[in-house]
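The values are calculated or read from the model by the stated rules, or taken from the named source; none is laboratory data. Predicted, not measured: the structure shown is a model, and the values here were computed from it. Cβ placement follows ideal geometry from the backbone for every residue including glycine, while neighbour counts extend to all protein chains displayed.
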Amino acid sequence: MRRRAELPGASELFRTTARASELPEPPAEPRIEPAPGAGARAAEPGSGGSRGRSGSGRRKHDAKITVYVSDEELLALEQARLALRAEHGIAVDRGRVVREGVAMLLADLEARGADSVLVRELRRESGE
């Protein structure tokens with residue numbers, strides 16, 4: 001005798017989501033440490049060296065990109081998301097984590113240029 005899979009009903013599929021007042025507060029804007037010898041203000045979001053980049057947060061986005069990652073990278077991203085929730089009480093989706101990471105890298109690139117983490121890693125990977 002074959003058992004049929006139980007599927008969720010309409011009430012589970014179309015339930016209301018959390019109201020804005022029930023959502024967790026967004027994390028503080030990321031701070032990028034200045035390179036040795038650089039002025040401290042160059043790394044502060046909103047200061048002369050950076051335009052105050054931060055992830056776009058929880059809102060409707062107009063553009064979409066597809067990024068392919070390895071199984072290990074996807075697992076690490078999911079573990080980071082779960083750690084944020086379990087250890088820090090921050091409930092976010094993987095896209096939010098990625099957007100915050102991108103914002104931090106772009107702010108670092110803008111503030112530190114050739115000394116930024118992004119430039120160093122890309123040069124290291126390309127063998128320069």
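A count restricted to the range 69-84 and to residues that are assigned to a loop (DSSP other than H, G, I, E, B) and hydrophobic (A, V, I, L, M, F, W, C) stands at 1. Quick check on R53: is it part of a helix (DSSP H, G or I) and either modelled with pLDDT under 95 or touching a Gly at 6+ places or on another chain (Cβ under 7 Å) (or both)? No; evaluated as a whole, the condition is false for this residue.
Taking the residues in the range 81-107 that are touching a residue at least 40 places away in the same chain (Cβ under 8 Å) and in contact with a Lys or Arg (Cβ under 6 Å, 6 or more places away or on another chain) as candidates, determine which candidate is nearest to A63 (Cα to Cα). If we take residues in the range 81-107 being touching a residue at least 40 places away in the same chain (Cβ under 8 Å) and in contact with a Lys or Arg (Cβ under 6 Å, 6 or more places away or on another chain), then A103 is nearest to A63 (Cα to Cα). Among A38, A107, A83, A76, which is at pLDDT below 95 and either of a type in the set (A, V, I, L, M) or surrounded by 14 or more Cβ atoms within 10 Å (Cβ to Cβ) (or both)? When all the criteria are applied, what remains is A38.
Kindly evaluate K64 against the criterion of being surrounded by fewer than 16 Cβ atoms within 10 Å (Cβ to Cβ) and more than 27 Å from L122 (Cβ to Cβ). The answer is no for K64.
Within the range 110-128, restricting attention to residues that are assigned to a helix (DSSP H, G or I) and charged (D, E, K, R), which residue is surrounded by the most Cβ atoms within 10 Å (Cβ to Cβ)? I'd like the intermediate steps shown before the answer.
Of all residues in the range 110-128, those assigned to a helix (DSSP H, G or I) come to 110-115, 117-126.
From what's left, charged (D, E, K, R): 110, 112, 115, 120-121, 123-125.
Details: E110: 15, R112: 22, D115: 15, R120: 12, E121: 11, R123: 11, R124: 9, E125: 8.
That would be R112.
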